[in-house]
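Colleague: The structure follows.
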Amino acid sequence: MQTVILMVAYLSTTVVFQFVGFLISRLVDYNYPTLGLMTFLILFLASFGLAWPVAVRIADWLIVRLGMTLETEQSGGLLRRDSMESYHQERRDAASK
């Protein structure tokens with residue numbers, strides 16, 4: 001359920017950011033016609049990256065507001081390869097061989 005909330009929050013924030021970027025690019029296009037398309041493309045692509053942290057904060061707030069426990073742990077346990085614990089375990093296993 002929490003992933004659905006996050007996906008909906010990301011989709012909605014991306015749409016809002018792209019709409020604001022479109023409005024800004026229209027204003028730039030009105031004053032400087034040669035920069036309008038470049039402004040639109042930069043803001044369009046930037047909206048995907050900028051919307052993610054905002055969506056995470058909105059989703060966290062919504063999850064807590066709905067009374068759910070916020071899940072911050074990643075799955076995978078010992079099979080994960082991106083934590084310090086798994087890194088040290090992998091180094092110990094390599095040294096013992």
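Colleague: Quick one: Trp61 ticks every box in (1) modelled with pLDDT under 75; (2) within 30 Å of Val8 (Cβ to Cβ) except a single one, so which number is it?
Modeller: The failed condition is (1).
Colleague: Still on this structure: Collect the residues in region 1-22 that are surrounded by 12 or more Cβ atoms within 10 Å (Cβ to Cβ) and closer than 14 Å to Leu66 by Cα, keeping them in residue-number order.
Modeller: Gln2, Ile5, Leu6 - these are the residues of region 1-22 that are surrounded by 12 or more Cβ atoms within 10 Å (Cβ to Cβ) and closer than 14 Å to Leu66 by Cα.
Colleague: Here's another thing I want to ask about it. If you go through region 4-20 one residue at a time, do you hit one that is farther than 30 Å from Asp93 by Cα, out of contact with any Cys (no Cβ under 8 Å at 6 or more places or on another chain), of a type in the set (Gly, Ala, Ser) and at pLDDT 95 or above?
Modeller: Yes, because at least one residue in region 4-20 is farther than 30 Å from Asp93 by Cα, out of contact with any Cys (no Cβ under 8 Å at 6 or more places or on another chain), of a type in the set (Gly, Ala, Ser) and at pLDDT 95 or above.
Colleague: Confirm whether Ser47 is among the hydroxyl-bearing types (Ser, Thr, Tyr), surrounded by 13 or more Cβ atoms within 10 Å (Cβ to Cβ) and modelled with pLDDT under 90. Talk me through it step by step, then tell me what you get.
Modeller: Values: among the hydroxyl-bearing types (Ser, Thr, Tyr): yes; surrounded by 13 or more Cβ atoms within 10 Å (Cβ to Cβ): yes; modelled with pLDDT under 90: no.
Answer is no for this residue.
The values are calculated or read from the model by the stated rules, or taken from the named source; none is laboratory data. Keep in mind the model is a prediction, meaning the values are calculated, not measured. Virtual Cβ from ideal backbone geometry, glycine too; neighbours counted across all protein chains shown.
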